[in-house]
Every structure is written in C-alpha cells, then in structure tokens.
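S.K.: What follows is a single structure, and I will ask about it in a moment.
Laboratory data are not the source of any read-out in this text; all were calculated from the coordinates shown. What you see is a predicted model, and the numbers here were worked out from it, not measured in a lab. Here the Cβ positions follow ideal geometry from the backbone for every residue, glycine too, while neighbour counts run over all protein chains shown.
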Amino acid sequence: MPTPTALITTRFDATSTAEDVVAGLDLSSVRAIVTGASSGIGRETARALARAGADVTLAVRNTDAGATAAEDIATSTSNERVRVAALDLANQASVATFVQRWNGPLHLLINNAGVIPSTLSRTAEGWELQFATNYLGHFALSLGLHDALAVGARERGEARIVSVSSTAHMRSPIVFDDIHFERRAYDPQAAYAQSKTADALCAVEATRRWAADGIVANAVNPGGVATGLQRDFTQKQREYLADAEAAGVFVYKTVAQGAVHHPRRGRRPRIRPHRRALSDGRPRGPYRAQRRRLVRQWRRRQAVGD
Ligand SMILES: NC(=O)c1ccc[n+]([C@@H]2O[C@H](COP(=O)([O-])OP(=O)(O)OC[C@H]3O[C@@H](n4cnc5c(N)ncnc54)[C@H](OP(=O)(O)O)[C@@H]3O)[C@@H](O)[C@H]2O)c1
C-alpha cells in the first residue's frame, strides 16, 4: 500500500486573488521570472510578485507588449524592479539566448506562457506548436536556468519552479508514438492536453532530480479564466467550453483569481515539498509509465547537450 501524503491545506479559496495571497509578504530578496507575462494570468502574477517587492523579469515574445505591461505593473505597485526580456519559447535558439543573458541567482521561475492555436502549426524543427511552446520551451528554459536556481536556493534555502498546467491534462496522456501529430488528425484540444500533462510530469521529475539542490517544482491549475488563450478558438471549442460551464463543470474566475496559485507556490512553503503532479497527489496508473518515458526523453536530450 502506498503511504498517503497529506493534502495541502490553505486559508485561501477559489475567490481569493493573487493580491490577497501576497498581502503582508516581503519578497524583496526574490528574483523571479514569469514567462508570458505581457497578458492574462502571467501579467497578474507578475503584478502580485512586484507588489510584494520582488525583482520580476517579464519573459515575453513581444517586447513592446512586455514594456507596456512592465510600465503598468511598476506604476501600480511602485516597484521599479520590473524588467522585460525577449523569450520565444517556440524557438530553442531564443530560449538559449535568454538563458545565456541571465546573470546571477534565480529564486522563482514561473513557467506560465501557453498557446492553443486552432490549426496545426509547427516550429522550424517540425514540432507541433503547443507541445513545443507549452512544454519543450519551458523544459529547455528550466534546464538552462538550473544552475541559477541552485545558487538562488543556496541563498534563500529553496528555489521554486511553478509549472502552469491545466485540468485539461486529464483529456490526454503524452502520445509518445505521435507527439507531433504526424500520423493522426490534428485535435487542438488533445494537443493542448498532452502538453499540459507533460508540464505536470516535468514538475514531478524536476523535483525528484533537483530537490537535493534545493529546487522544488509544483504544477498548478489556475482554473477557467477568460483570457487571450481562447482567442483562436473555433466555434466547436467555444461550444464545448460553454456546455461545460453550463453543466457546472467550472465557473469562470477573474484573471486575478486565476493568478492566485502562482505566488502561493512561489512563496517559501510552510509544508514539506512533495513530488506532486498538481495538488492531487503523485502520478498514478498510466501516468507512472508516462513519467518514465519522459525521464528517458530527458536523459536523451541531456546526452546530446540539447
Ligand atoms: N485561461 C484559462 O482558462 C487557463 C486554464 C488552465 C490553464 N491555463 C494556463 O495558464 C497559462 C496562462 O494563460 P492565459 O490564460 O493567461 O493566456 P494568455 O493571456 O493568452 O497568456 C499566454 C501568454 O503566453 C505567451 N506566449 C504564447 N506563446 C509564446 C511563446 N512562443 N513564447 C513566449 N510567450 C508566449 C503569450 O504571449 P503573446 O501575448 O505574445 O501571445 C501570452 O502572454 C497558460 O499556460 C495556460 O495554458 C489557462
């Protein structure tokens, strides 16, 4: 019988906002990166961290939009330590450049950026865009920033990676036999789901590998939030969401409520860190096998210096 682990308990609930969670916190010694912070949940996450005094880098693909967001955040929080850096997660060279340019310790990496295009798009490598952006880009970023996180962990006792997943992960495992939709019809929701499964499992494996360096990763689900993420949805996708909402499967949260998980995970925890995928426990059943395959993929990439 596996030993049950204690569930995370909190005084916050689905109506709490990111600002509620950081109220009274001093994160002035924290250097944080938030990917995809020019809009949506990432922007509000960055705002909450800045409000608590953190030094926040908005890692964005559109630096003009990033500069507008940074100015807005700096003004609204009276924190001038809000920076912008170029990062296109769908472009491995851009990820490598971002990593090269990063100097000094890192305490908090929030892997938040995500896309759901309605049609099949591929990167220069031929990778399906959602898997490439939502997972592979963040994987390379986390790997590249490992040493900076380890330095950050030595300074503060712990460094944290937050991997923004989704309950969508329940709709698809990683389909290792055809990750990039070369032999099956493209289904954008399935592509999104497998990328979010990978994000969650990556957090589990990162903690397993890096806990000894003081680095802990958590995967979080922000809940349903109306953002730019749905902008390319087809009519069918919109109807699917509307039906789910009407059936009470979820209730839309505000963006500030959606951002609540990230700063909470980014704080030093009062609980012992777990090797968890989402907050509902360790991967079970088929996900154990999925994690093993992800680990093999991880090893192969490291072996070729990728
Ligand atoms: N909204 C929800 O209901 C919901 C539910 C569960 C999970 N999530 C997750 O929450 C996270 C944030 O999404 P959101 O709802 O806040 O959507 P959003 O407003 O569309 O934000 C996504 C961000 O990711 C950025 N991005 C996209 N492709 C990128 C790339 N190649 N390189 C760098 N940045 C890139 C976007 O930049 P551009 O502005 O340049 O496009 C945007 O700033 C995502 O991981 C999403 O999967 C959202």
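S.K.: Using the crude model of +1 on Lys and Arg Cβ and -1 on Asp and Glu Cβ, and no other charge, please compute the dipole size for the chain relative to its Cα centre, in debye to 20.
M.R.: The dipole magnitude comes to about 1200 debye.
S.K.: Tell me the GluC sites (Glu not before Pro) within region 1-95 that lie in a loop according to DSSP and have at most 16 other beta-carbon atoms within 10 Å.
M.R.: Taking region 1-95 and a limit of 16 other Cβ atoms within 10 Å, the loop GluC sites (Glu not before Pro) found are GLU80.
S.K.: Now for a different question. Could you give the radius of gyration (one decimal) and Dmax (whole number) of the Cα atoms in the chain, in Å?
M.R.: For the chain, the Cα radius of gyration and maximum Cα-Cα distance read 18.2, 54 Å.
S.K.: Note the full-extension length gain between ASP232 and ALA246 as 0.36 nm times their separation in residues minus their Cα-Cα distance, in nm to one decimal.
M.R.: The span from ASP232 to ALA246 would gain 2.9 nm if fully extended.
S.K.: Per DSSP H run of at least 4 residues, take -39500 (n - 2.57); add these up for the chain, divide by its residues and hand me the 222 nm value, nearest 500 deg cm²/dmol.
M.R.: For the chain, the value works out to -12000 deg cm²/dmol.
S.K.: So, one more: Using R₀ = 51 Å, calculate the FRET efficiency as 1/(1 + (r/R₀)^6) where r is the Cβ-Cβ separation of ARG11 and ASP178; round to 0.05.
M.R.: Numbers: r = 44 Å, r/R0 = 0.87.
Efficiency, from the Cβ-Cβ distance: 0.70.
S.K.: Can you find, among ALA67, LEU294, THR254, the residue farthest towards the positive end of the dipole of the chain? Put +1 on the C-beta of Lys and Arg, -1 on that of Asp and Glu.
M.R.: Result: LEU294.
S.K.: Tell me the relative contact order for the chain as a rounded percent, counting alpha carbon contacts under 8 Å between residues six or more apart.
M.R.: Relative CO of the chain lands at 20 percent.
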